[in-house]
Structures are given as structure tokens and as C-alpha cells.
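Asks: Could you have a look at this structure, given as C-alpha cells, before my questions?
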Amino acid sequence: MRFMVIVKAGEESEQGAMPSEQELAEMGQYNEQLVKAGILLAGDGLHPSSKGARVRFDADSNATVVDGPFAETKELIAGFWILQVSSREEVLEWVKRAPFRDTEIEVRQVFDTDDFGDALTPELREAEERLRATVAEQHGA
């Protein structure tokens, strides 16, 4: 099972404040534990929303770009991990070990192809597998 672990933004991260040397060391140690456990698929911090944009689509699929910053910091993301674990309980145990103070982390399961049931026809499944193989090849996985 794959899970996205979402680190919520706060005022400091939205102001572009960088972590301290100690915080970076703690995060590095935590990331090393995830790698040694063989569960880390991806993970990174994000720049503040002032450097970002949102793309809104109307009912006719017309796109409008809205540049950041965005006011509601509780709705923003400061970083993420993608973890491959055996259960929801396992991912929660790992997240509880994260070296954070005064923040909130959201955990969401990532859909797997089997989750789509009959709507994912054999043809669509094959196309999805080809895309995943191409991406893996492009990135040396």
C-alpha cells in the first residue's frame, strides 16, 4: 500500500523560513530510517505558495491560473513523502516518529490500479502499465 504523507504549511514555511541545522539533521536521520526500512518512494519539501500557482477549471474545461501566495495556510502543504508500507497502521507508526513540533501531518492512501475495479478495463490497465514503465525507464528506476 502506498500512502502520501502531507506536511501542512505554517506561517514560518509560508514566509520561506528554512529549517535550522538541527532540524535538517533530525529530518535527515528520519529519512535515513525510512530508506533503511525500504519504504521511502519519494519525499521533498516545497517552496512557499508565493512561488506557486493554482489552476482552476470551469465547467467547460477552461483553465485560469491564479498566482500565489494563498491566504489559508491551513490548506497548504510544506512537504511530502510517498511511503510503501503493508498497512495504514504501519504508516501511522512511522509518521508518529517524524521529528516535528507544533505542526500537523495528513496521511492519505494512494490509489492502486486494483482500486478502480471494472472501470479500469484491460485496455486501460495495459495503457497505465505502459505509462508507468515509461516513467520508470525515463528516471532510471
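The values are calculated or read from the model by the stated rules, or taken from the named source; none is laboratory data. Computed from a predicted structure; not experimentally measured. Positions of Cβ are backbone-derived with ideal geometry, glycine not excepted, and every protein chain shown enters the neighbour counts.
Asks: Select from segment 102-141 the residues that are under 20 Å from Asp44 (Cβ atoms) and acidic (Asp, Glu) and list them in ascending order.
Replies: Glu104, Glu106
Asks: Among the residues of segment 101-113, is any charged (D, E, K, R), within 20 Å of the chain's Cα centre (by Cα) and in a helix (DSSP H, G or I)?
Replies: No, there is no match, as no residue in segment 101-113 is charged (D, E, K, R), within 20 Å of the chain's Cα centre (by Cα) and in a helix (DSSP H, G or I).
Asks: Consider Gly117 carefully, then state whether it is of a type outside the set (Val, Ile, Thr), within 26 Å of Gln33 (Cβ to Cβ), exposed (fewer than 12 other Cβ atoms within 10 Å of the Cβ) and outside the structural domain of Ile6 (by TED's automatic domain parsing).
Replies: So Gly117 does not fit the description; no.
Asks: On the basis of being within 30 Å of Asp115 (Cβ to Cβ), hydrophobic (A, V, I, L, M, F, W, C), out of contact with any His (no Cβ under 8 Å at 6 or more places or on another chain) and free of Cβ contacts under 8 Å to residues at least 24 places away in the same chain, does Phe100 make the cut?
Replies: No.
Rundown of residues vs (1) in a loop (DSSP other than H, G, I, E, B); (2) at pLDDT 95 or above; (3) closer than 16 Å to Val85 by Cβ, yes/no style:
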{"residue": "Ser13", "(1), (2), (3)": "no, no, no"}
{"residue": "Gly16", "(1), (2), (3)": "yes, no, no"}
{"residue": "Glu32", "(1), (2), (3)": "no, yes, no"}
{"residue": "Val35", "(1), (2), (3)": "no, yes, yes"}
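Asks: Take Ser13 and tell me if it is in contact (Cβ under 8 Å) with a residue 12 or more places away in the chain and of a type in the set (Ser, Thr, Tyr).
Replies: yes
Asks: Going residue by residue through segment 75-97, is there one that turns out to be at pLDDT below 90 and either over 30 Å from Ala9 (Cβ atoms) or assigned to a loop (DSSP other than H, G, I, E, B) (or both)?
Replies: no
Asks: Just the residues that are in a loop (DSSP other than H, G, I, E, B) and touching an Asp or Glu at 6+ places or on another chain (Cβ under 8 Å), please, taken from segment 53-73.
Replies: Pro69 - this is the single residue of segment 53-73 that is in a loop (DSSP other than H, G, I, E, B) and touching an Asp or Glu at 6+ places or on another chain (Cβ under 8 Å).
Residue-wise test of (1) surrounded by 10 or more Cβ atoms within 10 Å (Cβ to Cβ); (2) touching a strand residue (DSSP E or B) at 6+ places or on another chain (Cβ under 6 Å).
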| site | (1), (2) |
| --- | --- |
| Gly38 | no, no |
| Gly43 | yes, yes |
| Gly52 | yes, no |
| Val65 | no, yes |
| Gly79 | yes, yes |
| Gln84 | yes, yes |
| Glu90 | yes, no |
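Asks: Still on this model: Output yes when any residue across segment 44-59 is of a type in the set (Phe, Trp, Tyr) and without any contact (Cβ under 8 Å) to a residue 60 or more places away in the chain, and no when none is.
Replies: Taking every residue of segment 44-59 in turn, at least one turns out to be of a type in the set (Phe, Trp, Tyr) and without any contact (Cβ under 8 Å) to a residue 60 or more places away in the chain.
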